[in-house]
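Undergrad: Mind looking over this structure? Questions follow.
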Amino acid sequence: MDDKIPQTTDELNKHLSDQLGFLKSSAIAYDKGNLAEAKRMALALRILLHDTQHQTSLLSQLGLKDRDYIDTSTPDASGQGINHQTNLGLAYLSNSSNYIPKCYDASPGENEKNVDFQTYWMNNIIKGPQGISFSRKDIVLELSETDGGAHVDSKLKAKYHNLTRENSLGILYGNGTDWQEFEGFELAVVRQIAHEILTMFDQSYKPEIKPNDFDILVGGMAIGMVNSETIPKVGRNEPCPCGAKAKDGKYKKYKHCHGR
């Protein structure tokens, strides 16, 4: 086996500069509409933050884990969890609806705070119905290790699959009659995490996108945001109001969709 020679501190700092550069470049591309860049961001975040038994994160190697981390999430009313809108706004963009990160807001978040790394990485930032919960670690690792960042698994964890493919949070938009699902929840969360890390290393960092480039929905007239729990009751064998379709192209029955 070849002997291994430790990298110098200067070399590790160069890696840190590179990874932050990758993160910023992907953030710019994401902000211009290439939402898949969130997968690259997840990989950079994993390299920077995640320690395992066999691999040490870059920030740990540089002794930077003990610093304060910027947390832009919002506690729920009980203070014990985080609601599903934690890091996100909602936007109608290019004739399709996507979740957009909170960092696009022109005004700083009033809930922004500094926390230790363990709290930042491990605490749940997503909390939904039926016990759904995810930490930053959960989202970053699933996107980077199984869903396209560094690897594509043939199977996904059920909880992550249901969040990203089945809209398990049940957030829809519509006009009161026709309902559709917002898309890219996990991608927007990773974009917001990238914003937190970039801001931590550069307090002057701001997204290059202008907030008014988006039509932010805060209870608009034509299109609004609604939780699936507020949708009027429909028969279990009737088409689900969200308009989701099964693999055969037919509309899903309510009992097989948001009626589960």
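Undergrad: Looking at this structure, is residue 209 modelled with pLDDT of 70 or more, β-branched (Val, Ile, Thr) and crowded, with 17+ Cβ neighbours inside 10 Å?
TA: yes
Undergrad: Step by step: first the residues of the stretch 105-134, then only those that are under 21 Å from residue 164 (Cβ atoms) and assigned to a helix (DSSP H, G or I), then the one that is modelled with the lowest pLDDT. Which residue is that?
TA: Across the stretch 105-134, the extreme among qualifying residues is 130.
Undergrad: Could you count how many residues in the stretch 147-171 are exposed (fewer than 15 other Cβ atoms within 10 Å of the Cβ), over 20 Å from residue 43 (Cα atoms) and of a type in the set (D, E, K, R)?
TA: 1
Undergrad: For the list (1) hydroxyl-bearing (Ser, Thr, Tyr); (2) in contact (Cβ under 8 Å) with a residue 40 or more places away in the chain; (3) part of a loop (DSSP other than H, G, I, E, B), I need the number of the one condition that residue 144 fails.
TA: Checking residue 144 against (1) hydroxyl-bearing (Ser, Thr, Tyr); (2) in contact (Cβ under 8 Å) with a residue 40 or more places away in the chain; (3) part of a loop (DSSP other than H, G, I, E, B), the one that fails is (3).
Undergrad: Of the residues in the stretch 65-84, how many are β-branched (Val, Ile, Thr) and either at pLDDT below 65 or in contact with a Gly (Cβ under 7 Å, 6 or more places away or on another chain) (or both)?
TA: Within the stretch 65-84, residues that are β-branched (Val, Ile, Thr) and either at pLDDT below 65 or in contact with a Gly (Cβ under 7 Å, 6 or more places away or on another chain) (or both) number 2.
Undergrad: Taking the stretch 17-71 only, how many residues are touching a residue at least 60 places away in the same chain (Cβ under 8 Å), among the polar types (S, T, N, Q) and either assigned to a loop (DSSP other than H, G, I, E, B) or over 16 Å from residue 193 (Cα atoms) (or both)?
TA: Matching residues across the stretch 17-71 total 0.
Undergrad: Looking only at residues that are of a type in the set (Gly, Ala, Ser), farther than 25 Å from residue 201 by Cβ and surrounded by 16 or more Cβ atoms within 10 Å (Cβ to Cβ) in the stretch 85-104, which one is modelled with the lowest pLDDT?
TA: This residue is 91.
The rows are residues; the columns are (1) among the aromatic types (Phe, Trp, Tyr); (2) in contact with a Phe, Trp or Tyr (Cβ under 8 Å, 6 or more places away or on another chain); (3) farther than 23 Å from residue 184 by Cα.
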{"position": "8", "(1), (2), (3)": "no, no, yes"}
{"position": "13", "(1), (2), (3)": "no, no, yes"}
{"position": "17", "(1), (2), (3)": "no, no, yes"}
{"position": "30", "(1), (2), (3)": "yes, no, no"}
{"position": "42", "(1), (2), (3)": "no, no, no"}
{"position": "47", "(1), (2), (3)": "no, no, no"}
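Undergrad: What pairs come out if I take residues in the stretch 115-141 that are without any contact (Cβ under 8 Å) to a residue 60 or more places away in the chain and surrounded by fewer than 16 Cβ atoms within 10 Å (Cβ to Cβ) and pair them with residues that are assigned to a strand (DSSP E or B) and small (Gly, Ala, Ser) whose C-beta lies under 6 Å away, six or more apart or interchain?
TA: The qualifying pairs are 122/135.
Undergrad: Collect the residues in the stretch 180-196 that are surrounded by 19 or more Cβ atoms within 10 Å (Cβ to Cβ) and either of a type outside the set (D, E, K, R) or modelled with pLDDT under 75 (or both), keeping them in residue-number order.
TA: Matches in the stretch 180-196: 182, 184, 185, 187, 188, 189, 190, 192, 193, 194, 195.
Undergrad: Among the residues of the stretch 20-34, write down those that are hydroxyl-bearing (Ser, Thr, Tyr) and either surrounded by fewer than 19 Cβ atoms within 10 Å (Cβ to Cβ) or modelled with pLDDT under 95 (or both).
TA: Matches in the stretch 20-34: 25, 30.
Undergrad: Here is a follow-up. If residue 16 passes every condition in (1) buried (at least 20 other Cβ atoms within 10 Å of the Cβ); (2) farther than 18 Å from residue 208 by Cβ; (3) not aromatic (Phe, Trp, Tyr) but one, which one does it miss?
TA: It is condition (1) that residue 16 fails.
The values are calculated or read from the model by the stated rules, or taken from the named source; none is laboratory data. Keep in mind the model is a prediction, meaning the values are calculated, not measured. Reconstructed Cβ throughout: ideal geometry from the backbone, glycine too, with neighbour counts over all protein chains shown.
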